[in-house]
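Engineer: Let me begin by handing over the structure; questions about it come next.
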There are 2 protein chains.
Amino acid sequence: YARYLTTMAHKDIVFRQLFDGTSFTFTYLLADAKTKDAIIIDPVIEQVERDVRLVQDMGLNLLYALNTHVHADHITGSGEIKKRIPGCRSVIAEPQASADIHIKHGDRLKFGQFEIECRSTPGHTNGCMTYVWHQKGMAFTGDALLIRGCGRTDFQQGSSEALYDSVHGQIFSLPEDTALFPAHDYKGMTMTTVGEEKMLNPRLTKPKMDFVKIMKDLNLPYPKQIDKALPANMVCGVYDIKAAAI
Amino acid sequence: YARYLTTMAHKDIVFRQLFDGTSFTFTYLLADAKTKDAIIIDPVIEQVERDVRLVQDMGLNLLYALNTHVHADHITGSGEIKKRIPGCRSVIAEPQASADIHIKHGDRLKFGQFEIECRSTPGHTNGCMTYVWHQKGMAFTGDALLIRGCGRTDFQQGSSEALYDSVHGQIFSLPEDTALFPAHDYKGMTMTTVGEEKMLNPRLTKPKMDFVKIMKDLNLPYPKQIDKALPANMVCGVYDIKAAAI
Ligand SMILES: [Fe+2]
Ligand SMILES: [Fe+2]
């Protein structure tokens, strides 16, 4: 079968990793090169113009704007994208957040000849999803698994026990050569693989008890953007709420 | 044949795009997954620790540290990498710059079962090289061609006429699905293709005369890092010169 192993500018797909340098967020554009059906994962509101332009320049038909979770560090671009691309539907797992489609573990989203499997990976937040593209051997892990790291577990119903089980049960169980694309990286790395993280992740290679202690001892500062980002993201980042929350 | 089309986490290669958020520079790590022989393109001095660690974590044997040109906006990491990885050789085209290997148009650099073709693409600087990985349908364009843009041509023997000819003759002549990886991007884009730039590049799709006028009218400010970066890069970014130049 064809995996990420066969990819990026692969003739049958369009794949682009995009970066927001302010919040250090990665956005991903995935498309069927033949049918032009596309999805975008974790768009950032400040980058909507760039992203919509890329979609239009490539002649893509954007079906879904997916969020891996309700972000605390930036406002989602899904609401703004929907305004500019009528027909595009917003997708999230969190039932409290407004969106066109609420997905749950095991759901599949189709675009052209491809599909994404939704895997529930709670721990950073309760509603965190990892999107797995089995056909290309790629997974989009949101803040569950980062490159040599993981998302914090000290707010938004975070749970280090749940995060550990999510990563080991739902991500490390994928084939070792699966390419992993996180929602963030702060050191200029862009991707990793299951095999690499199983060997090199300084937190998640530890026994569960040690991991829980590591996470407890982090003592991270209160996230700067959270009071603005959370309420906005609960309503898909639509503009009036954004303005009200600033 | 196998192209970039079959890539990234492809079983027979290791490929990583790395980013320096201060100078907006991309560094690329390419390796033969079987023999572990590797090369790095345009390393940045501030990121040497990260890059060397990645090389070591992946168990790679770094043969060459290549520079696409004598950069004006950051100091190359090649000198520092050589200190930490004995046996790694620095590579550049510019005959005035010190390096272990001075390449010229048409040269090929081998790593494992793979090789890179060096194509002279002057215009941003006289010694600019584009490194083409034909086997994987990838090319590393340095500052000759950027995503929807190009490098400036107003210093370091820059020439907009030469740049135009370089891009059209040496880059746009590659197959349309060739994936292009620039030395910089300032908007969070990470790659493009020959086909895309031939259609969408706002400067290089124009006739040569218009391109020359566009470049002439840019009136860019004097580059902030140039007085520090140029002398350091002429000697491979070695530390004592860096300190002297600051
Ligand atoms: Fe988050
Ligand atoms: Fe440059």
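Engineer: How many of the residues in region B:154-185 are under 24 Å from B:Lys216 (Cβ atoms) and either modelled with pLDDT under 95 or surrounded by fewer than 18 Cβ atoms within 10 Å (Cβ to Cβ) (or both)?
Structural biologist: 9
Engineer: Also, I was wondering about something else. Considering only region A:164-176, I want to know if a residue exists there that is under 17 Å from A:Thr205 (Cα atoms), in contact (Cβ under 8 Å) with a residue 12 or more places away in the chain, within 14 Å of another protein chain (Cβ to nearest Cβ) and within 16 Å of the chain's Cα centre (by Cα).
Structural biologist: Scanning region A:164-176 turns up no residue that is under 17 Å from A:Thr205 (Cα atoms), in contact (Cβ under 8 Å) with a residue 12 or more places away in the chain, within 14 Å of another protein chain (Cβ to nearest Cβ) and within 16 Å of the chain's Cα centre (by Cα).
Engineer: Identify, by number, the condition in (1) within 13 Å of another protein chain (Cβ to nearest Cβ); (2) under 19 Å from B:Thr130 (Cα atoms) that B:Leu66 doesn't meet.
Structural biologist: Going through (1) within 13 Å of another protein chain (Cβ to nearest Cβ); (2) under 19 Å from B:Thr130 (Cα atoms) one by one, B:Leu66 breaks only (1).
Engineer: So, one more: Give me a count of the residues in region A:33-59 that are of a type in the set (A, V, I, L, M, F, W, C), over 20 Å from A:Lys110 (Cβ atoms) and within 13 Å of chain B (Cβ to nearest Cβ).
Structural biologist: 3
Engineer: All but one of (1) more than 16 Å from ligand 1 (Cβ to nearest atom); (2) within 30 Å of A:Asp227 (Cβ to Cβ); (3) not in a strand (DSSP E or B) hold for A:Tyr64; which doesn't?
Structural biologist: Every condition holds for A:Tyr64 apart from (3).
Engineer: Sticking with this one: When you look at A:Asp57, is it away from ligand 1 (no atom under 16 Å from the Cβ) and out of contact with any strand residue (DSSP E or B) (no Cβ under 9 Å at 6 or more places or on another chain), yes or no?
Structural biologist: Yes.
Engineer: If you scan region B:134-159, which residues turn out to be among the small types (Gly, Ala, Ser) and out of contact with any Gly (no Cβ under 7 Å at 6 or more places or on another chain)?
Structural biologist: B:Gly137, B:Ala139, B:Gly142, B:Gly149, B:Gly151
Engineer: Output the number of the condition that B:Leu54 fails; it satisfies all remaining conditions of (1) modelled with pLDDT under 95; (2) among the aliphatic types (A, V, I, L, M); (3) out of contact with any Phe, Trp or Tyr (no Cβ under 7 Å at 6 or more places or on another chain).
Structural biologist: The number of the failed condition is (1).
Engineer: Please go through region B:93-151 and pick out each residue that is touching a residue at least 24 places away in the same chain (Cβ under 8 Å), in contact with a helix residue (DSSP H, G or I) (Cβ under 9 Å, 6 or more places away or on another chain), more than 15 Å from ligand 2 (Cβ to nearest atom) and charged (D, E, K, R).
Structural biologist: If the condition is that a residue be touching a residue at least 24 places away in the same chain (Cβ under 8 Å), in contact with a helix residue (DSSP H, G or I) (Cβ under 9 Å, 6 or more places away or on another chain), more than 15 Å from ligand 2 (Cβ to nearest atom) and charged (D, E, K, R), then B:Arg119, B:Arg148 are the ones that fit.
Engineer: Let me ask another. Name the single residue, out of those in region B:199-246 being among the acidic types (Asp, Glu), farther than 13 Å from B:Tyr164 by Cα and at pLDDT 85 or above, that is farthest from the chain's Cα centre (by Cα).
Structural biologist: If we take residues in region B:199-246 being among the acidic types (Asp, Glu), farther than 13 Å from B:Tyr164 by Cα and at pLDDT 85 or above, then B:Asp217 is farthest from the chain's Cα centre (by Cα).
Engineer: Looking at (1) under 16 Å from the mean Cα position of the chain (by Cα); (2) within 14 Å of chain B (Cβ to nearest Cβ); (3) surrounded by fewer than 23 Cβ atoms within 10 Å (Cβ to Cβ), find the lone condition where A:Gly188 falls short.
Structural biologist: (1)
Engineer: If you don't mind, there's one more thing I want to ask. So, of the residues in region A:56-72 that are free of Cβ contacts under 8 Å to residues at least 40 places away in the same chain and closer than 17 Å to B:Lys198 by Cα, which turns out to be nearest to ligand 2 (Cβ to nearest atom)?
Structural biologist: This residue is A:Asp57.
The values are calculated or read from the model by the stated rules, or taken from the named source; none is laboratory data. This one's a predicted model, so the numbers in the text were calculated from it and none came from an experiment. Virtual Cβ from ideal backbone geometry, glycine too; neighbours counted across all protein chains shown.
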